[in-house]
Structure formats: C-alpha cells, structure tokens
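Okay, structure first, notes after.
The values are calculated or read from the model by the stated rules, or taken from the named source; none is laboratory data. Nothing here was measured: the structure is a model prediction, and the numbers come from that model. In this analysis, Cβ positions are derived from the backbone assuming ideal geometry, glycine residues included, and neighbour counts consider all displayed protein chains. Heavy atoms of the whole protein, side chains included, go into the accessibility calculation; ligands, DNA and RNA do not. Shrake-Rupley method; radii C 1.70, N 1.55, O 1.52, S 1.80 Å.
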Amino acid sequence: MATIPFFPPDLFEQDRQAMLDILFEVGTDAEQRFILGRRTAELEEALRQMTGAGHAVACSSGTGGLNLAVQALDIGPGDEVIVPAFCCQPVASSVANLGATPVFVDVDPHTMVMDPEAVERAITERTRAVMPAHVFSIMADMPKINKIAEEHGLTVIEDAAVAQGAVLDGVPSGRWGHLGVFSFFQVKAFGTAGEGGLVLTDDPELASRVRMLRNHGQDGVNRFLHHRIGQNSRFDEVIAAFQLHRLPGFEERLERRARIADYYTERFAPLAERGVTAPPAGRNGRCYYVYSLLAARRGDLRAWLTEKEIGTHVYYPVPLPEQPAFSRFGNRPGVTEQGARATDAHQPGGDSPWPGAQYASEHNLAIPIWPHLTDAQVEYIADSVCEFFD
Ligand SMILES: Cc1ncc(COP(=O)(O)O)c(C=O)c1O
C-alpha cells in the first residue's frame, strides 16, 4: 500500500483544468474585476439558498468571518465573549483584537465541543455573546447553548468553519446562531484552492454591517465613503468561480466522508475498552471534516501508523488559554481580568482549570478521511489502527 498522507496532495486534481480555465476567464474578462464581482454574488446566492439563510456574505476566510461577526455586533473593550478553550485560535483572537475579553470555557472531553454548563457558569453582566464552535466531526450542542443565550439575552456567533453541510435536528450548521461562519480553507468540507469564508445571518441589519465591514466600511455604492471603520475581508472572483464549479459535487463528497466515518466508527467500537474512543456513531449533528480518535497511548499509536505510512495529525496540542498569546486572558475559569467572578467550584478534578480541553489536547489523533480515499485505503487504515491493539 502506497503512503497515505494526512493532507492529500491531489485534493483538486480533478479540477485542475477547470481552475486553469477560470484563471484565464477571470484574468481576461473585459470587466477586470478580481474581487466582489458577479461570481462572488452568484456563490453567495447559491449558498444562501442551500442553507436557507436570509443573507450570505462571502469574506476572506473563516477567521475573517469571525472578525466581521464580532465587529458587526459592536463588541469592544469591557465586553466579554464566551469561547471554547479547545479550538482554533481565531475564536479568541476575533474577540481580543477588538479589545474585548475572550472568556474560555471547558469542552466535553469526549465530543471536544463547548460544555453548555460551563457556558452558563461563565456568564456575567459583561457577557455579550457566546461563540460555540463545531470541532472535527461533532457539532456543538446548539439547542442547549441557544437556550442559555436566549435566557441571558446573549448573541450567538456559531463558528461552523469546519461544519458546512452538517445538519443537527433538521437545522443546517451555520443557521443555529444569530451569525454563522464557514471556512473554505482547503481541507475543510467545502475547501478551496486558496482562502475564503462565508457569514450567514437572517438579520438584515447585521448582514448589511458585515457587508460594509468586509470592504473598509463602504456601502458598495458610494466608493470612498466609509460609514464604519472596517477591514479588508473581500472575496476573490477566481475562488468564487472555482467554488461554483465545485458546488455540484459537494453533497457527494460529504456523503463519502460520512460513509468512511461510519465504517471507522464501526471498526473502532471494540477498541473502547482498550483506550481508544471513536466519535459517536450516527449522522445527526455530525460533520466529518476531520475524524479524530481519542487515544490513551497516542504517541505510540501515531508512531505505529507512521510506520505503516499512514499520515496522522494532532490538532491543538495546547489549549487556547495556555497559549502565550492568550496568557493575559488565561486565568482560571470563572475569573475574568476584572476579577468579576469567583473561581468555578464545579469543575471536575484534574490539574488543569480546563480538564476537558487538556484531555482533548493530549489525546486527539486524526486519521485520514478525505473523500477520494479508496475503499482499500480506508480498510487498510482501519486494519492498521486495530492491529496496534492486537
Ligand atoms: C473551528 C475553526 N474556526 C475558525 C477557523 C478559521 O478558518 P480559516 O482558516 O478559514 O481562517 C478554523 C480553521 O481551521 C477552525 O477550525
């Protein structure tokens, strides 16, 4: 069996000619419009319809989308936003960059997504928003988080960067929050050959703010009139055309990922007693961007798979509040910079103030799940994981 890399080099092999055609078409178009043109508008409309959102605004990346979402809510100094302690860093930087305080809460050690009870305990009079993120293959517990947010008058920014196409209780990801954000980074479900992201919302006022903020606060009609201090988070016409080209195959690629995940989960179920936890089975609220195991002997399992020429990946080995960049926010859960809350007495044991996040950081191991893996490769990967425990 040839090497199976974690990040496949031939992800867009089938689209090579299409990309070359698009480059030529956009590059030689008499319009000479390379950002925010008709192709971007067409992609926005296609994804708006696909998700059922009121508004869809394409932007520079998933990070760009989170930045726009937080800024559109006028969040700033003195405000707090509750974010998961185990996640990609933009959940925290999008808040901190505006002078507001990211308040880190723990995640469930098995699903690796935000613990709703921890959210409830972290709310203060300064809390403006909560930012649940879907992680790897599991959507956050949006029904519970939305209920808590509603009870406390908080806005929900749903980080659905990795979860485009996932559906929980009949509601698509990105549609649970007041604002939802997708990422088109290459390995994501609807990844592209470059950068891109999307903000979804049903609120016309928020949509209009996000649209303005992504292009230096301009309204799209009056050039050089800046209504707000915005950003450059614009969308590329080549990428828009490429994503429109890739859209018809999206469902099929998602289904292939889901089938691989189903197979892995079935094969790995007996390993539960031997220190490996697979993601929960089923399709509801599942996304299959990454298939991550939680392994007690992660290092050994990883070395074994490397020997078998199977690429693996460890995500977020250091929880966000333990990162140097966020050390000034990384005080114990329940205590803000302003010392507004008492230390949380409800946290389960462990040395870390974020034991779930610490556990996930120390044990997650992702194995390949990209859609063009052959059945033989998928079987080989599953066999190799199981053999380690024989
Ligand atoms: C949960 C989560 N949020 C946000 C992002 C940021 O997306 P992008 O890489 O498009 O900026 C990522 C990227 O990996 C992510 O995993």
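Numerical summary
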item: Filtered residues of region 30-46 (kept if part of a loop (DSSP other than H, G, I, E, B), open to solvent by 30 Å² or more (accessible area, probe 1.4 Å) and not hydrophobic (A, V, I, L, M, F, W, C)); result: Glu31, Gln32, Arg33
item: Counted residues, region 354-372 - those being in contact with a Pro (Cβ under 8 Å, 6 or more places away or on another chain) and open to solvent by less than 20 Å² (accessible area, probe 1.4 Å); result: 6
item: Count of region 202-237 residues which are away from the ligand (no atom under 16 Å from the Cβ) and within 19 Å of the chain's Cα centre (by Cα); result: 0
item: Odd one out for Thr63, checked against (1) away from the ligand (no atom under 15 Å from the Cβ); (2) in a helix (DSSP H, G or I); (3) open to solvent by 10 Å² or more (accessible area, probe 1.4 Å); result: (1)
item: Test: residue in region 13-21 that is assigned by TED's automatic domain parsing to the domain that holds Glu195 and more than 19 Å from Arg246 (Cβ to Cβ); result: no
item: Check on Ser208, touching a Lys or Arg at 6+ places or on another chain (Cβ under 6 Å), in the same structural domain as Ala41 (by TED's automatic domain parsing) and surrounded by 15 or more Cβ atoms within 10 Å (Cβ to Cβ); result: no
item: Among residues of region 186-201, those that are part of a loop (DSSP other than H, G, I, E, B) and within 12 Å of the ligand (Cβ to nearest atom), counted; result: 10
item: Among the candidates Asp10, Asp106, Asp79, residue that is touching a residue at least 40 places away in the same chain (Cβ under 8 Å) and farther than 22 Å from Val130 by Cβ; result: Asp10
item: Residues that are open to solvent by 50 Å² or more (accessible area, probe 1.4 Å) and among the basic types (Lys, Arg), drawn from region 278-307; result: Arg283, Arg297, Arg302
item: Members of region 156-185 that are more than 9 Å from the ligand (Cβ to nearest atom), part of a loop (DSSP other than H, G, I, E, B) and in contact (Cβ under 8 Å) with a residue 12 or more places away in the chain; result: Gln164, Gly165, Ala166, Asp169, Ser173, Gly174, Arg175, Trp176, Gly177, His178
item: Complete set of residues in region 135-158 that are closer than 21 Å to His313 by Cβ and out of contact with any strand residue (DSSP E or B) (no Cβ under 7 Å at 6 or more places or on another chain); result: Val135
item: Residue list for region 124-147, restricted to those being farther than 23 Å from Leu365 by Cα and crowded, with 19+ Cβ neighbours inside 10 Å; result: Thr127, Arg128, Ala129, Val130, Met131, Met142, Ile145, Asn146
item: Residue that is open to solvent by less than 10 Å² (accessible area, probe 1.4 Å) and outside the structural domain of Pro132 (by TED's automatic domain parsing), where the choices are Ala258, Ala160, Ala240, Ala166; result: Ala258
item: Residues of region 217-237 that turn out to be surrounded by 14 or more Cβ atoms within 10 Å (Cβ to Cβ), more than 21 Å from Leu43 (Cβ to Cβ) and among the polar types (S, T, N, Q), as a count; result: 0
item: Matching entry among Gln49, Gln71 (being more than 12 Å from the ligand (Cβ to nearest atom), crowded, with 22+ Cβ neighbours inside 10 Å and either assigned to a helix (DSSP H, G or I) or without any contact (Cβ under 8 Å) to a residue 24 or more places away in the chain (or both)); result: Gln71
item: Sole residue being within 16 Å of the ligand (Cβ to nearest atom) and either open to solvent by 10 Å² or more (accessible area, probe 1.4 Å) or of a type outside the set (Ser, Thr, Tyr) (or both), chosen from Val81, Val103; result: Val81
